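**Student:** I'd like to ask you about the structure that follows.
FYI, it's all coordinate maths here, none of it is from the lab. Owing to the predicted nature of the structure, the values given are computational and were not obtained by experimental measurement. Neighbour counts run over all protein chains shown; Cβ positions are idealised from the backbone, glycine included.
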């Protein structure tokens, strides 16, 4: 079965941010495919390269990156939600005249059309952290 | 896109306390642009999105009512409201600025059954 996941939960604020990650791992282990993970609302903070959790805590952004590399996942961060909250790639940093960018490796900024596409392409769309 | 999935958006949050209501509208409008059939259900605190006379500017927010009113222009006219939530929050159907079809719990179960994808905000 083809899944897509929508993450609206901010990492470290909501348990559902971690639950989404565990759900993604589980469905891949069971042999399903994950078409796209779409980070929306406060969930966009998952794409911050600057997150620096203590060593003995789960590193949610890094774990998504690792999972994405293992399974060639499409991690899309909603551009409108991200730019508003200060998660920018180099393009957006340039556009808004910011001194640095902080979108983590393995993530890309894109629009809500990617969510519409995920809905169209997936058998199941699961929301975490609404 | 392979086919047109029927999308149900469930709004469960009051309009301004969190970004959910605005986020939901943006998703609805985007799916509308892609000509996907959209239904929107207002339930729990989400019923407050349907009342009028928001003074959103007083708390530094943009008024969402105009956006809701614009939905039919995007062919989004399937709006539903949970009767039980209206009752719980002391609202009457007549007090709503935006019209929506009232549904009881059984009808909401059927509404969910009738859609391919459910997104919650």
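**Student:** Could you line up A:45, A:32, B:115 from fewest to most neighbouring Cβ atoms inside 10 Å?
**Tutor:** By the 10 Å Cβ count, ascending, the order reads A:32, B:115, A:45.
**Student:** Using a basic spin-label model with each label point 7 Å from the Cα along Cα→Cβ, how many nm lie between residue B:55 and residue B:77?
**Tutor:** 3.5 nm
**Student:** Compute a Gaussian network model of chain B, connecting alpha carbons closer than 10 Å, and tell me which residue from B:46, B:32, B:57 fluctuates the most.
**Tutor:** In this elastic network of chain B, the residue with the biggest mean-square fluctuation among B:46, B:32, B:57 is B:57.
**Student:** Using helices alone, what [θ] at 222 nm do you get for chain B, with -39,500 (n - 2.57) per DSSP H run of 4 or more residues, divided over all residues and rounded to the nearest 500?
**Tutor:** -7500 deg cm²/dmol
**Student:** Sort A:73, A:28 by Cβ crowding within 10 Å, fewest neighbours at the top.
**Tutor:** The most exposed by this proxy come first: A:28, A:73.
**Student:** Please check: in the Gaussian network model of chain A (C-alpha springs, under 10 Å), which one of A:119, A:79, A:58 has the largest mean-square fluctuation.
**Tutor:** A:58
**Student:** I've got another one for you. How many percent of DSSP beta bridges within the range B:7-120 run antiparallel, rounded to 5?
**Tutor:** For the range B:7-120, the DSSP antiparallel bridge percentage is about 5.
**Student:** Using Cβ counts within 10 Å as a stand-in for footprinting exposure, how do A:128, A:39, A:107 rank, fewest first?
**Tutor:** Result, fewest neighbours first: A:128, A:107, A:39.
**Student:** Then there is this: Would you compute, from DSSP H runs of 4+ residues alone, the mean residue ellipticity of chain A at 222 nm, taking -39500 (n - 2.57) per run and dividing by the full residue count, rounded to the nearest 500?
**Tutor:** For chain A, the value works out to -11000 deg cm²/dmol.
**Student:** Can you give me the C-alpha center-to-center distance between the range B:42-75 and the range A:1-45, rounded to a whole angstrom?
**Tutor:** If you average the Cα positions of each part, the centres end up 29 Å apart.
**Student:** Would you please give the FRET efficiency between residue B:97 and residue B:44, computed as 1/(1 + (r/R0)^6) with r the Cβ-Cβ distance and R0 = 22 Å, to the nearest 0.05?
**Tutor:** With a Förster radius of 22 Å, E is 0.75.
**Student:** Points 7 angstrom from Cα along the Cβ direction at residue A:71 and residue A:12: gap in nanometres?
**Tutor:** Those two pseudo-labels are separated by 2.5 nm.
**Student:** Using the Cα gyration tensor of the range A:34-77, with a ≥ b ≥ c the square roots of its eigenvalues, what is the shape: rounded (a/c below 1.5), prolate (a/b larger than b/c) or oblate (neither)?
**Tutor:** Judged from the Cα gyration tensor, the range A:34-77 comes out oblate (a/c at least 1.5, b/c at or above a/b).
**Student:** Taking every DSSP beta bridge that has both residues in chain A, what percent is antiparallel when rounded to the nearest 5?
**Tutor:** Just about 5 percent of them are antiparallel.
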